[in-house]
Amino acid sequence: MTMATSPLGSTSLFADLDVDVELDAPLAQRTWYGVGGPADALVRPRTAEALATLLRRCHRNGVRVRVLGSGANLLVADEGVEGVVILLDAECFVALQLNAEGPVTAARVGGGRDLGKTIRETTGAGLSGLEPLIGIPASIGGALRMNAGGKFGAIGDVVRAVGVVGLDGEERTYGAADLNFGYRHSDLPPGIVTWAVLALHAADPVALRARCKEVSAYKASVQPLAAHSAGCMYRNPVDPATNQRVSAGLLIDRAGLKGTRVGGAFVSEQHGNFICVDPGARAADVAELAATVADETFRRTGIRLEREVVFWSRGGE
């Protein structure tokens, strides 16, 4: 996205827009890690029109734009970030709509809506389709952009259509066939996901509850859910020797790196692909440890790890 050359010094970009603005806004409390510095401006549009106008102005003025979802899968640098961080928490961006009559075959979901909340509400209504994603922390938009998923499936499996407001402020609609969903990948263009239509279907309530418990129990048994982390740090890489994906956590374990620590950050003893933090940790601790783990895993296994967690830094990609 377009880079900003200096921090924002006024609200001139959004003074006449239907938005809420906080300058020098703390971001740590909005992330799962709970660390990191402020955004020059945190902007919460109240309408789709305000969002589109804001994106056009930022693009025209060379102001960097980032989108904050659920705060999972994200590390914000200690010095914070420049430009505008957008948070979609207005009703128009978090709504869940089901057809009022006839059998439900799909749901229209706002891009800013919490994935976990959406799963609870749809499965509670006896609708199947999203339960394989139980335990994955994300907003709908963030989940779509990285095709969030795990052992039981990915969100791309149930996508029918996605609405994206581009950096030029124009909304475009993409069908599932346009997006080329793959492992932690989608062809969603730059911009902000504002809504998606997801395939759902009625299921036997007893069987659906049992399936939800099964997925939840598995996640609790293998992941450090009580610790402060951002989820899996690395994608599961392809082993060049077999051309098959291998567990990043297993590689880190084999490299003997569980428990490795830098400052307040440490590799989970339960799952090697989770870097967790203690109170008082810095984002720099996490970043240094992540680099060390990737380097050491490559040195000891010959397989390179690619980060899944997004790192935000001032002036960074």
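All of the numbers you see were taken from the coordinates with simple rules; none came from a lab. Everything quoted here is computed from the prediction, not taken from an experiment. Using ideal geometry, Cβ is built from the backbone for each residue, glycine included, and neighbour counts are taken over all protein chains shown.
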Can you classify region 126-183 as rounded, prolate or oblate using the Cα gyration tensor, where a ≥ b ≥ c are the square roots of its eigenvalues, rounded means a/c under 1.5, and otherwise it's prolate if a/b beats b/c and oblate if not? prolate
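How far, in nm, would the chain grow between Asn61 and Glu288 when pulled straight, counting 0.36 nm per residue and subtracting the alpha carbon separation?
So the chain would gain 78.4 nm between Asn61 and Glu288.
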Environment charge at Ala210 (Cβ cut-off 14 Å; Lys +1, Arg +1, Asp -1, Glu -1): 0
Quick one: of Lys117/Lys213; Lys117/Lys151; Lys213/Lys258, which pairs are farther than 18 Å apart, Cα to Cα? Lys117/Lys151; Lys213/Lys258
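Hey, how much of the P(r) for the chain falls beyond 27 Å, as a percent of Cα pairs?
46 percent
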Using alpha carbon centroids, what distance separates region 100-136 and region 55-95, in Å? 25 Å
Computed on Cα atoms, Rg of region 224-312 relative to 2.2 N^0.38 Å comes out at 1.02
Specify the inter-centroid distance of region 185-202 and region 302-317, based on alpha-carbon positions, in whole Å. 23 Å
Taking a cut-off of 17 Å between Cα atoms, list the aspartates and glutamates near Lys219, but don't count ones fewer than 8 places away on the same chain. Glu131, Glu269
